[in-house]
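Heads up, the thing below is written out as structure tokens.
The values are calculated or read from the model by the stated rules, or taken from the named source; none is laboratory data. Given the structure is predicted, the values throughout are model-derived calculations rather than measurements. FYI the Cβ positions are ideal-geometry reconstructions off the backbone, even for glycines, and counts take in every protein chain you see.
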Amino acid sequence: MHNAGLQDPETAMPAAVRPVKPQTWRSRKLAEIKASKHSYILLAPYMILFTLFTVLPVVISMILSFTYFNMLEFPRFVGWDNYTRLFLEDDIFLIALKNTLLFAAITGPISYLACFLFAWVINELGPRMRAFMTLIFYAPSISGNVYFIWLMIFSGDRYGIMNGMLIKLGIILEPIQWLKTEAFIMPIIILVQLWLSLGTGFLAFIAGLQTVDKTLYEAGAVDGVRNRWQELWYITLPSMRPQLMFGAVIQLTTSFAVADVSIALAGFPSVNYAAETIVTHLIDFGTTRFEMGFASAIATVLFILMVGTNLIVQKLLRKVGE
Amino acid sequence: MKAVYELPKKRSGRLLSLSLKRRRKRVNRSFMGTFSLFALLAVFGAFMALPLVYAINNAFKPLDEIFMFPPTLFVRNPTWNNFSDLINLLGQSWVPFSRYIFNTVFITGIGIVGHVILASAAAYPLAKHRFPGKTFLFQVVVLSLMFTPVVTATPNYMILSWLGMIDTYWAVIIPAFAYSLGLYLMKQFMEQIPDALLEAAKIDGASEYRIFWSIVMPNVKPAWLTLIILLFQILWGTDGNGFIYSEQLKTLHYASNQIILGGISRAGAGAAVAVILMSVPIVLFLFSQSRIIETMATSGMKD
């Protein structure tokens, strides 16, 4: 009897759970779902809101991107029109796309490396100094809209710090209109964006470095690790791969979404659209012109860009230290 | 190599932390390497801190010092004038300024409480239960970390207007409940609660809800704090996202922008309001730093 019970899982089940009908895949799943009733109830409130405000909007956005919709009339299906218009006729979108990719390509990797590098050096400090330096580096990203302080630094008159300093040193004679000159707008926004970029990813790295198993370093020393760089590559990086992947998602997603800083510093629209990004373009069509179908196409392109890049980077990061 | 091999023998029996301190000196760490790394930290630390220092100093400068050539970083004759100007200015606003403060505090408070409770309730089964659809649901949440909310802004407006929430506090509060980074961090943190603890409660006859509320929740306090500060950052800085039009419902951030953008005559008051606004999240972080770092330690994405 005992042996038979082990061989046949159905007879081993308690009577209350055992289904009356012969088991199929579906009936087994149904039984499982019933048994996990409490899990679903706990999940439900969050998941309903999450679906309503995150999942559903993405789906709606994708559907609307194939329509003409002005919020007044019922959406009219127009096929790929919005996309062809976006890529073939809308010159400003192409500027926005170029700027966004430039921001992502520069601020993404630099901020990611900076997050790691500073976290790594800070981790070598004593506890009190470590807490202090963490605060210093994290403060800009946490202090809300304080980036407008850069307006004062790069202000176009002689009272701006940058102009004042350069004039006093005799490098320039007239104040420069930093934020109204196309050549300077992008570098300044990139600088401010980097200043703001040591956020959640940075904290994750600080935390990750503290969780690396200390005995691994001892073992590494025995196995011939000679300097801090080897230690970093062979021990530290592989040990904190999960945090590295999390940090990458956070830094990348932020680097694609430049908009607030651009609007605050360069204006909206900026001079000759020099600081236009996909997000500001989206805001333009979504909230100023009410071309919702077209705005949805922009949103969908941005969505695919962000998610696609993230998934590729995740794949690459799995290889760290292998 | 010889020296390295001797390490474990000499140190056997000592405390690990002590041996670590010694090890740092022994494993080849060139002085130049250490020096240049700390020099790097100092230079970039200054880059991070100076704009904030400048902002704080500006708030205490008299107006003639704000507009002085050459401009100075540090204040020479500190004054509280900008703050008293600010208070005067606030007294004149059409909607009493306390109303803006109330709006922001209300939105931030309710938003945070709701988010912490809902996200924790959802994180518990995702971290500790086994049920059909679990992996899928969590993967959708992770995927949602990969794009910013601006992607969904337009459809969100339509959904909020169907629900009749446009131009109410709820237009900002309810979507904040379902902020996905919070759920993600909470779920990762809950995974380290020992299963034995939950099993023991189950054997004692506690329901899932009771286990969640009386055992899981008290054990994840560091994660609460992290969720609180993340959501605080978002909601404290919200200007209504274009969902709130009525002046009497608008937020502190919106009102302060009006002051900051007020031009030359408001430069002093603008600097003062900026300092007040930024000090709140910084002070919050100052007191919760170690708890937040503790939560972030579990934030990693597993393969």
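Taking residue A:240, is it hydrophobic (A, V, I, L, M, F, W, C) and touching a residue at least 60 places away in the same chain (Cβ under 8 Å)?
Here the answer is no, as residue A:240 does not meet what is asked.
Can you name the residue in the stretch A:163-183 that is surrounded by fewer than 19 Cβ atoms within 10 Å (Cβ to Cβ) and touching a residue at least 12 places away in the same chain (Cβ under 8 Å) and is also farthest from residue A:267 (Cα to Cα) among such residues?
Among them, the one singled out is A:175.
Of the numbered conditions (1) closer than 25 Å to residue B:142 by Cβ; (2) more than 9 Å from every other protein chain (Cβ to nearest Cβ), residue A:294 fails exactly one; give the number of that condition.
(1)
Please state which one of B:152, B:148, B:135 is more than 9 Å from chain A (Cβ to nearest Cβ), without any contact (Cβ under 8 Å) to a residue 12 or more places away in the chain and at negative phi.
Matching residue, one of B:152, B:148, B:135: B:135.
Given the criteria more than 10 Å from chain B (Cβ to nearest Cβ) and of a type in the set (S, T, N, Q), does residue A:272 qualify?
The answer is yes for residue A:272.
Quick one: in the stretch A:142-158, which of the residues that are within 8 Å of chain B (Cβ to nearest Cβ) and outside any helix (DSSP H, G or I) is surrounded by the most Cβ atoms within 10 Å (Cβ to Cβ)?
Restricting to residues being within 8 Å of chain B (Cβ to nearest Cβ) and outside any helix (DSSP H, G or I), the top hit is A:143.
Which of the residues spanning the stretch A:296-322 are among the hydrophobic types (A, V, I, L, M, F, W, C) and without any contact (Cβ under 8 Å) to a residue 40 or more places away in the chain?
A:304, A:307, A:311, A:312, A:316, listed by residue number.
Go through the stretch B:27-51 and give me each residue that's in a helix (DSSP H, G or I), surrounded by fewer than 13 Cβ atoms within 10 Å (Cβ to Cβ) and over 27 Å from the mean Cα position of the chain (by Cα).
Passing the criteria: B:31, B:32, B:35, B:36, B:39.
For the stretch B:87-108, which residues satisfy the criterion of being part of a helix (DSSP H, G or I) and farther than 17 Å from residue B:260 by Cα?
If the condition is that a residue be part of a helix (DSSP H, G or I) and farther than 17 Å from residue B:260 by Cα, then B:98, B:99, B:102, B:103, B:104, B:105, B:106, B:107, B:108 are the ones that fit.
Just to verify a result, which residue in the stretch B:203-242, among those that are within 12 Å of chain A (Cβ to nearest Cβ) and of a type in the set (Val, Ile, Thr), is surrounded by the most Cβ atoms within 10 Å (Cβ to Cβ)?
In this case the residue turns out to be B:226.
Out of all the residues in the stretch A:130-141, which are under 14 Å from residue B:49 (Cα atoms) and either basic (Lys, Arg) or surrounded by fewer than 21 Cβ atoms within 10 Å (Cβ to Cβ) (or both)?
A:132, A:135, A:136, A:139
Return a yes/no flag: does the stretch A:299-308 have any residue that is among the polar types (S, T, N, Q), touching a Gly at 6+ places or on another chain (Cβ under 8 Å) and within 11 Å of chain B (Cβ to nearest Cβ).
no
Of (1) facing chain B (nearest Cβ under 9 Å); (2) farther than 30 Å from residue A:237 by Cβ, residue A:265 satisfies all except one. Which?
With respect to (1) facing chain B (nearest Cβ under 9 Å); (2) farther than 30 Å from residue A:237 by Cβ, residue A:265 is out only on (1).
Rundown of residues vs (1) modelled with pLDDT of 80 or more; (2) loosely packed, with under 15 Cβ neighbours inside 10 Å; (3) within 12 Å of chain A (Cβ to nearest Cβ), yes/no style:
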{"residue": "B:16", "(1), (2), (3)": "no, yes, yes"}
{"residue": "B:53", "(1), (2), (3)": "yes, yes, yes"}
{"residue": "B:56", "(1), (2), (3)": "yes, no, yes"}
{"residue": "B:77", "(1), (2), (3)": "yes, yes, no"}
{"residue": "B:82", "(1), (2), (3)": "yes, no, no"}
{"residue": "B:87", "(1), (2), (3)": "yes, yes, no"}
{"residue": "B:99", "(1), (2), (3)": "yes, no, no"}
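Step by step: first the residues of the stretch A:192-222, then only those that are more than 9 Å from chain B (Cβ to nearest Cβ) and either exposed (fewer than 13 other Cβ atoms within 10 Å of the Cβ) or without any contact (Cβ under 8 Å) to a residue 40 or more places away in the chain (or both), then the one that is farthest from residue A:246 (Cα to Cα). Which residue is that?
A:219
Would you check if residue B:193 is hydrophobic (A, V, I, L, M, F, W, C), away from chain A (no Cβ under 13 Å) and in contact with a helix residue (DSSP H, G or I) (Cβ under 6 Å, 6 or more places away or on another chain)?
yes
Every residue, every condition in (1) within 16 Å of residue B:138 (Cβ to Cβ); (2) in contact (Cβ under 8 Å) with a residue 24 or more places away in the chain, yes or no:
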| position | (1), (2) |
| --- | --- |
| A:37 | no, no |
| A:43 | yes, no |
| A:46 | yes, no |
| A:51 | yes, no |
| A:56 | no, no |
| A:61 | no, yes |
| A:68 | no, yes |
| A:78 | no, yes |
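So which residues in the stretch A:107-128 are assigned to a helix (DSSP H, G or I), more than 10 Å from every other protein chain (Cβ to nearest Cβ) and closer than 21 Å to residue B:288 by Cα, if there are any at all?
If the condition is that a residue be assigned to a helix (DSSP H, G or I), more than 10 Å from every other protein chain (Cβ to nearest Cβ) and closer than 21 Å to residue B:288 by Cα, then A:115, A:119, A:128 are the ones that fit.
Conditions tested, residue by residue: (1) within 30 Å of residue A:279 (Cβ to Cβ); (2) at pLDDT 90 or above; (3) in contact with a Lys or Arg (Cβ under 6 Å, 6 or more places away or on another chain).
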position: B:158; (1), (2), (3): yes, no, no
position: B:180; (1), (2), (3): yes, yes, no
position: B:185; (1), (2), (3): yes, yes, no
position: B:200; (1), (2), (3): no, yes, no
position: B:229; (1), (2), (3): yes, no, no
position: B:235; (1), (2), (3): yes, no, no
position: B:242; (1), (2), (3): yes, no, no
position: B:247; (1), (2), (3): yes, no, no
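Hey, residue B:269 hits all of (1) at pLDDT 85 or above; (2) among the aliphatic types (A, V, I, L, M); (3) surrounded by 19 or more Cβ atoms within 10 Å (Cβ to Cβ) but one; which does it fall short on?
(1)
If a residue must be under 12 Å from residue B:125 (Cα atoms) and surrounded by 14 or more Cβ atoms within 10 Å (Cβ to Cβ), how many such residues does the stretch A:27-43 contain?
6
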